[in-house]
1. Restricting to Cα pairs below 8 Å that are 6+ residues apart, what does the relative contact order work out to for the chain? Please round to a whole percent.
2. Can you give the local net charge around His180? Use residues other than it whose beta-carbon is closer than 14 angstrom to its beta-carbon, Lys and Arg +1, Asp and Glu -1.
3. May I ask you to list the residues of segment 426-454 whose amide nitrogen lies under 12 Å from a point 7 Å from Cα along the Cα→beta-carbon direction of Asp562?
4. Label segment 417-572 by shape, choosing from rounded, prolate and oblate, from the square roots a ≥ b ≥ c of the eigenvalues of the Cα gyration tensor; if a/c is under 1.5 it is rounded, and otherwise prolate applies when a/b is larger than b/c, oblate when it is not.
5. Summing Lys, Arg as +1 and Asp, Glu as -1, what charge do residues with Cβ under 10 Å from the Cβ of Leu261 carry, Leu261 excluded?
6. How would you classify segment 297-351 from its alpha-carbon gyration tensor, with a ≥ b ≥ c the square roots of the eigenvalues: rounded for a/c under 1.5, else prolate if a/b is greater than b/c, otherwise oblate?
7. Given the options Gly379, Val506, Gly347, identify the residue whose Cα lies farthest towards the positive end of the charge dipole of the chain (+1 on Cβ of Lys, Arg; -1 on Cβ of Asp, Glu).
8. Quick check on segment 311-413: take the gyration tensor over C-alpha atoms, sort the square-rooted eigenvalues as a ≥ b ≥ c, and tell me if it's rounded (a/c under 1.5), prolate or oblate.
Amino acid sequence: MTDSNTKEEFVFQTEVGRLLDIVAGSLYSNREIFLRELISNASDACDKLRHAALTAPSLTEGDPGFRIGLALDAKAKTVSVSDNGIGMSHDDLLETLGTIAKSGTGAFLDQLGDDDKQNFSLIGQFGVGFYSAFMVADRVDVVTRKAGEDEAWLWSSDGKGAFTIEPATRDERGTTVTLHIKKDAKEFLEDARLRHIVATYSDHVGFPVTFGEETLNAASAIWARAPKDVTAEQHTEFYHHSAHAFDEPWLTIHNRVEGVLSYINLLYVPSTQPFDLFNAERKGHVKLYVNRVFITEDPEGLLPSYLRFLRGVVDSEDLSLNISREMLQTDPKLAKIRQGLVRRVLGELKKKADKAPDEYATFWRNFGAVLKEGLVEDGPTQEKILEVCRFASTAADGLTSLEDYASRMKEGQEAIYYIIGEDAAQVANSPQLEGFRAKDVEVLLLSDPVDDFWVQHVPSFKDKPLKSITRGGSDLDAIAGEESSGDEAPASADADLSDLIAVLKVELGDAVKDVRPSKRLTDSPVCLVADEGDMDVSLERLLRRHGQMAEGLARVLELNPDHDIIKKLVLRAKAEGAANDDLLKDAAHLLLDQARIADGDSPPDAAAFARRLNVVLGSAL
Ligand code: ADP
Ligand code: MG
């Protein structure tokens, strides 16, 4: 217990200290957002008490209404924001106004370069919240009394590393935050300026914000208004408020669903990637309300994590207010709402993809990799997700849909072809593509880490199998193409290669599974492919990276019968004494190593590679 007559001093958690240094020194021109943050906290505090009072009505006894008050004292040079929300106990204060609960804060601050620190939107997006007060104040006092308790407390700090907590008096529940405005922030001591800020950022706050006798805001939940009555500016403002975001919403999905189950969704797709998009928690940020009462953020089951880029609100009058988080998860009504939301979001994305492909490309760059997780996790929705997926391809400058790919398929082409690699540029230059390019057969170029996973789960699209071009035979013979009626005679080439193949197999031994003539090469002498039935090259690479496979499988080395080097090697392999031809042996290893390099791998024995290369170069010079 604390001695209620003493003033205690505490040091801020290290991360808070670092954050405060950045905030206080910030040259950020949008310092006015401090007011939005404080009003948003006051509104959260009212939301929390309203929710708590559902099960403990005594908490709001005698004062059931909620309000937020803004006050200005030009003489004392203070601005204050007060609320009659949940308030904070001594321990709440210690826990919340001295630490940052958000996971990954330290890592986030480590990532910030010096330039980023001036670019406040990065930090703002992270949600500095309460601490933004120190952009405009050189001292902040918080007087607070928790609903249902008698004791009140004063928290005070100059934002320079330490804060104090001491007993205080306060007649009603709730919190008053008083800012002692800095010399260089006098503009915030002007009546008109404060009104303007509230009008800009806080009009949609669901509780009245009063300034003297006057109420400054509309105080109605924005999502409950008719969609056509909400302007783009109001959406942007609400999105900024609810998502801690600074960008514009890329897409707004606002509608009311009536039926057996009624709900409203007001969802935003951001136009930039939120910083936590690829965090391991894969946490969503859509808030659940029941009949305008805030219940919780990102309840499990409301939205799948492959839609975690969404921001905004879902409000249903048909869920029970008193339901616990655990029961909510298994509530079949929530599952129904989720189904409706997923369908709606994918439908809106599809519209956008069809109507505005360029804008959609921006969305896809930001969130495509996240959406593709759904191909693995949400089997029943796979087809719908595939419809809004876009891919780089050998046939299109921009991105293509599977639908469009299918419409371009050649006569005799049965499969949708793809190649996967770690790097987009490397993939586009893969030797395995050469034969497909020559016949003008389109290949999808996949290079997101998640691509390795989903292709295992998507056998086909509209009955057309998806097929990797780095596994199995090349299929190219069956496809009619520009060169199919050409006058070369590839059939005879097979026979010609047999001596060379025999020599290579002996020399390379277990390092290759087989050596075969290739149908898929035109420019390169060799490439590696996975044998039919073996694991695809990209999946193997993934498993090796995750330590689930120690060594790679032996691959099939394919030879280009029309390549000059191969032709010369064929002659050498036919000659007498070929079995003891050192140059032929070195060439065998060099060919295998160059095929590995083209796949983005490195030769397993770099020294041997260099030695052989030098021998061959030496004899050529
Ligand atoms: P956030 O709002 O994202 O949680 P903030 O930095 O804005 O982060 O606030 C930190 C915490 O301080 C809040 O989560 C809340 O617990 C507490 N807090 C801030 N202002 C108030 C207030 N007016 N009433 C009650 N609690 C508050
Ligand atoms: Mg806040």
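Just so it is clear, none of the values below were taken in a lab; they were calculated from the coordinates. On a predicted model such as this, the values are computed, not experimentally measured, just so you know. Glycine gets a Cβ as well: all are built from the backbone with ideal geometry, and neighbour counts include every protein chain shown.
1. Working: 1038 pairs, mean separation 53.9, N = 621.
Dividing the mean separation by the residue count of the chain yields 9 percent.
2. Details: positive: Lys75, Lys77, Arg139, Lys160, Lys182, Lys183, Lys186; negative: Asp73, Asp138, Asp141, Asp158, Asp184.
Once positives and negatives cancel, what remains is +2.
3. Taking a point 7 Å out along Cα→Cβ of Asp562, the residues of segment 426-454 whose backbone N falls under 12 Å are 434-440.
4. Details: a/c = 2.13, a/b = 1.28, b/c = 1.66.
Taking the square roots of the gyration eigenvalues as a ≥ b ≥ c, segment 417-572 is oblate.
5. Working: positive: Lys333, Lys336; negative: Glu258, Glu317, Asp318.
It works out to a net charge of -1.
6. Numbers: a/c = 2.14, a/b = 1.86, b/c = 1.15.
Because a/c hits 1.5 or more and a/b exceeds b/c, segment 297-351 counts as prolate.
7. Looking along the dipole axis, the top candidate is Gly347.
8. On the way: a/c = 3.12, a/b = 2.34, b/c = 1.33.
Prolate shape, in that a/c is at least 1.5 and a/b is the bigger ratio.
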